[in-house]
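FYI, it's all coordinate maths here, none of it is from the lab. What you see is a predicted model, and the numbers here were worked out from it, not measured in a lab. Note that each Cβ is placed from the backbone with ideal geometry, even for glycine, and that neighbours are counted across all protein chains shown.
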Amino acid sequence: MSKLVICEKPSVAKSIASALGVTSRADGYFEGGGWLISWCIGHLVGLADAAAYDDRYKKWRYEDLPILPDPFRYVVSEEKAAQFHILRSLMERPDVTELVNACDAGREGELIFRLVYEAAGCSKPFSRLWISSMEDAAIREGFSALRPGADYDPLYQSALCRQKADWLIGINASRLFSVLYHRTLNVGRVQTPTLAMLADRDSKIVLFRKEKYHHVRLALEGAEAVSEKIPAMEDAQAIRDVCDGQRAVCVSVVREKKTEKPPKLYDLTTLQREANRLFSYTAKQTLDYAQSLYEKKLLTYPRTDSRYLTGDMAETASVVLHLAARVPPFDACPEFFPDVAALVNDKEVSDHHAILPTLELEKADVQGLPVGERNILLLVCCKLLCAAAEHFVYEAVTATFDCGGHTFTAKGKQVLSQGWRAIQEVFRSSLKEKPEDEDSESVLPALTEGQVFEPVSASVTEHFTSPPKPYTEDTLLSAMENAGKEDIPEDAERRGLGTPATRAAIIEKLVSGGFVERKGKNLIPTKAGVNLVTVLPEVLTSPKLTADWEQRLNEVAKGQVSPDDFMDGIEAMAAELVRKYSHISEDGQKLFQPEKETVGLCPRCGKPVYEGKKNFACSDRACQFVMWKNDRFWTSRRKEMTRKMAADLLKKGRTSVKGMWSEKKGSTYDTVVILDDTGGKYVNFKLEFPKRKDGVHGKK
């Protein structure tokens, strides 16, 4: 008898086969030792498109909305059908008595397996493999502790609800607003509120009006003291004049010992943020690099939202810490005694623990990895070492001075113990492009109350208030993670827009859809993106919708909320959207009209001429100049006036045309068409034939 193991992708199947000692490969699976190990290629089975329910849905019409399938239909992906048939035939083999779901340990992995299992009509029992590392030992340990598949039924129901809800809102809202605005507008549960955040930030930047302010600065011995902000230049100059060449007295010195705890380990979002900040990698690039390292057994499972480890991992973490400390450039770090206990918090670990290097680090050729993967692996090593290191301790010093009856302040810091920052500094010093120094405060000289500085030099500097900065992938990922927090109960486990696993794809979808563009590191909404957010109702643009859904989906996964109740709410929302938004104003319809390019200037009034579906017309309707594409002059000669012809006629009054049809001769000819504007409602065209050249024996 055999067990059939189904993985999410071929590379994972290969790793599992290796760990279980299965070496014989057939077409689409491995076999040996009572194991059959095969794979999906991501989602093999998905929801059918709307047109599968009724042919009339092939066209997008308001009167067909809302589309509420009951039941939903599923289809096998055409390009992946061959692998589905292999899986189904393996499930039907008489010697296969049970299955193992070895797809990624999470909501989407559960969905991928279950939909294939259902579509194949399989009813054989199955177990669940739930692991966070692709190391051989971790795989074998996972197979020794398989869980009953039914334990994950609520997680499957949660995944189904997420998939159906996205379909219902995506299909109905996209069709509704596309029909209303005569442009394909993709509306999504996560991408639309994300776009709204980008548009809101862009609006604040555009509307920002900078304001001037000034500082008066005193040059002291080894330090600089600065006044508060002073709006008016004349006031700042007056203070400078009072203080310049006078004496300044130190009236107070406040020293405060401060401690910065080590950073927590990486979850996917934090890794993506820092990789963007340090290496300018997009969220998708970082996920791809991390996924590749996971499949090479060098990183643990990357799609995690936890930044801690479980208690049973402490011993492994201790070994990995020592391995990471030997990897250049960390072998140059000062020695320290790692605090593994600081990495552990069982309550903070959900499906998967934080991202770690694996024990394979000992044998890895880190320098031989592709540069992107190497940077990500070193980043994770750095975070692990920092997280287990000592606190960064410093003394913050604030000195206050009086000069001429005005108050000035000098700030600085004195490092007492570098702690974890020493490791970070070693890593960042190894980078070709050094990140900007986050600490701008300098070290102050020894200062005491009553100390006098005389004479002091005073100067005025001019400054401007700064607008908000555009979002980068770093700051946008943070905003997505924290969006809607104020609207969610404190004990809610899931917050924000999307999940760590989906945020990268959401950003890419907005870029590829033409709603957002990258300018350097910045993400800027396009005109179409801003307009889309402007016309959509708040229920679709507010992060609260997604935040509420994620919270409810989490409750479905725990068996606390009925899937039917969740879906009833989604269907009601889709129906209400269609009912409420049945028409829009004429001005609203113009929002998404493409910006017209001028074909040329009107020969009558000199204003721009634009191309329409049936004509080339003056932009001033009162002028009435128009050249019709279906003018009998052209149709009788089996020719259509092109944009280039129209441009030539407007600029030069003539255009060369090849292949004009002659009914009389039954053949084509080349000619020059002359614009003959009558000044009336219609324009005329005339033909002009080039003069024949004289040959040796006269005219040809």
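For a straight C-alpha distance cut-off of 19 angstrom, the aspartates and glutamates reachable from residue 580 (same-chain residues fewer than eight places away being disregarded) are 63, 64, 538, 568, 571.
In units of the rule-of-thumb radius 2.2 N^0.38 Å, region 360-477 shows an alpha carbon radius of gyration of 1.60. Plugging the Kirkwood radius over Cα pairs into Stokes-Einstein for region 268-390, at a temperature of 20 °C and a viscosity of 1.002 mPa s, what D comes out in µm²/s? Reported coefficient: 148 µm²/s. Applying a DSSP loop filter and a limit of 14 other Cβ atoms within 10 Å to the trypsin sites (Lys or Arg not before Pro) in region 57-107 leaves 59, 61, 73. Distance from the alpha carbon centroid of region 157-229 to that of region 549-572 works out to 28 angstrom.
A simple rule links phi to the HN-Hα coupling: the Karplus curve 6.51 cos²θ - 1.76 cosθ + 1.60 with θ = phi - 60°, which for region 569-577 gives x, 5, 4, 5, 5, 4, 5, 5, 4 Hz, with x for Gly and Pro. The convex hull built on the alpha-carbon positions of region 499-542 has an orientation-averaged projected area of 3.6 nm². In this structure the amide hydrogen of residue 48, modeled in the peptide plane, comes within under 5 Å of the amide hydrogens of 73, 74, 75, none closer than 5 places in sequence on its chain. Near residue 9, the amide H atoms lying under 5 Å from its own belong to 40; only residues 5 or more places off or on other chains count, and H is placed 1.01 Å from N. 3J(HN,Hα) along region 639-653: 9, 10, 5, 8, 4, 5, 4, 4, 4, 5, 4, 6, 7, 10, x Hz, from the Karplus curve 6.51 cos²θ - 1.76 cosθ + 1.60 with θ = phi - 60°, whole Hz, x for Gly and Pro.
Suppose R0 equals 41 Å. What FRET efficiency, 1/(1 + (r/R0)^6) with r the Cβ-Cβ distance, do residue 70 and residue 469 give to the nearest 0.05? Once rounded, the FRET efficiency stands at 0.30. Only Cα sites of region 1-129 enter the Debye sum here, all with the same form factor; the resulting log10 I(q)/I(0) across q = 0.09, 0.16, 0.21, 0.22 1/Å is -0.31, -0.77, -1.17, -1.27, listed in q order. Estimated from helices alone, the mean residue ellipticity of the chain at 222 nm is -11000 deg cm²/dmol (sum of -39500 (n - 2.57) over DSSP H runs with n ≥ 4, per residue).
Computed extension length for residue 615-residue 682: 22.9 nm, one decimal, from 0.36 nm per residue of separation with the Cα-Cα distance subtracted. With one equal scatterer per alpha carbon and no solvent term, the Debye-computed log10 I(q)/I(0) for region 225-277 at 0.14, 0.20, 0.29 1/Å reads -0.69, -0.85, -1.16.
Pairs of alpha carbons in region 89-233 separated by more than 28 Å make up 56% of all such pairs.
Percent of C-alpha pairs per 10 Å bin in region 168-226, short distances first: 18, 23, 19, 12, 11, 10, 8, 0.
Distance distribution P(r), region 309-362, all Cα-Cα pairs, bin width 10 angstrom from 0: 23, 50, 24, 3 percent.
Once the Kirkwood radius over Cα pairs is known for region 600-698, the Stokes-Einstein relation at 25 °C and 0.890 mPa s delivers a diffusion coefficient of 168 µm²/s.
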